[in-house]
Amino acid sequence: MSAPLFAKEGYDGVSIRDVAAATRLTPAALYYHFSDKDDLYLSVVIHEFRGKSTVLSNIIKGPEPPWERLEKFIEGLVNLTASDQNFTRLMQWVKLDSDEVRRHKLTEHVFSDLFVSVHDLVAELNSGHDAYMLAISIFGLITFPFELMTTRKFMPGYRPEHDKPAVIAKHVIDLLRSSLKKADGKTG
């Protein structure tokens, strides 16, 4: 119940009293379970992302060839981002968090494992690219269209099909295949 609050207002926009009201608990009851607001927030974000990250990591670690796993991961993350507004908004707030210590904890406890999985997968592609930068770029290519969802429809060239998850996923996959093929001279 508190994830939608943090997704809508961000860390700074939510108080312990807000969470207590939304969960029908007293602030004292929350403090019994969480040492402070940071602890509560970290727990909420971990809970919101854990299952989703596990599903995506399992796709990445599957038995298929690297390109097939990468395509399935991209499709999975695009579909998740398109279908779960709380997930998407919470991810945006986490990226905008102004507290470096909290960002470090969130990265370590929430995002690191999935990032490492993507990093290791793209390293398997042997594309000659820096696996760190390629993994960062993949996450950016997937999430940025959703971050601009409310404004990109006003940009020149927009078409309604640009909002479809399948179109976004195919674009990212085609872009990566084309770019990486040119970089390594391979055709597949």
Candidates LEU121, LEU134, LEU90 - the one that is in contact with a helix residue (DSSP H, G or I) (Cβ under 7 Å, 6 or more places away or on another chain), of a type in the set (A, V, I, L, M, F, W, C) and within 23 Å of ALA7 (Cβ to Cβ): LEU90
The stretch 14-32: number of residues that are surrounded by fewer than 19 Cβ atoms within 10 Å (Cβ to Cβ) and in contact with a Leu (Cβ under 8 Å, 6 or more places away or on another chain): 5
Helices (runs of 4 or more DSSP H) completely within the stretch 1-54 that count 1 or more residues being among the aliphatic types (A, V, I, L, M) and in contact (Cβ under 8 Å) with a residue 60 or more places away in the chain: 2-9
Qualifying residue in the stretch 81-97 (condition: under 16 Å from the mean Cα position of the chain (by Cα), at negative phi and assigned to a loop (DSSP other than H, G, I, E, B)): yes
Which numbered condition ILE46 fails, given (1) crowded, with 19+ Cβ neighbours inside 10 Å; (2) modelled with pLDDT under 95; (3) among the hydrophobic types (A, V, I, L, M, F, W, C): (1)
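The values are calculated or read from the model by the stated rules, or taken from the named source; none is laboratory data. Everything numeric here is computed off the predicted structure, so don't read it as measured data. Cβ atoms come from the backbone with ideal geometry, glycine included; neighbour counts cover every protein chain shown.
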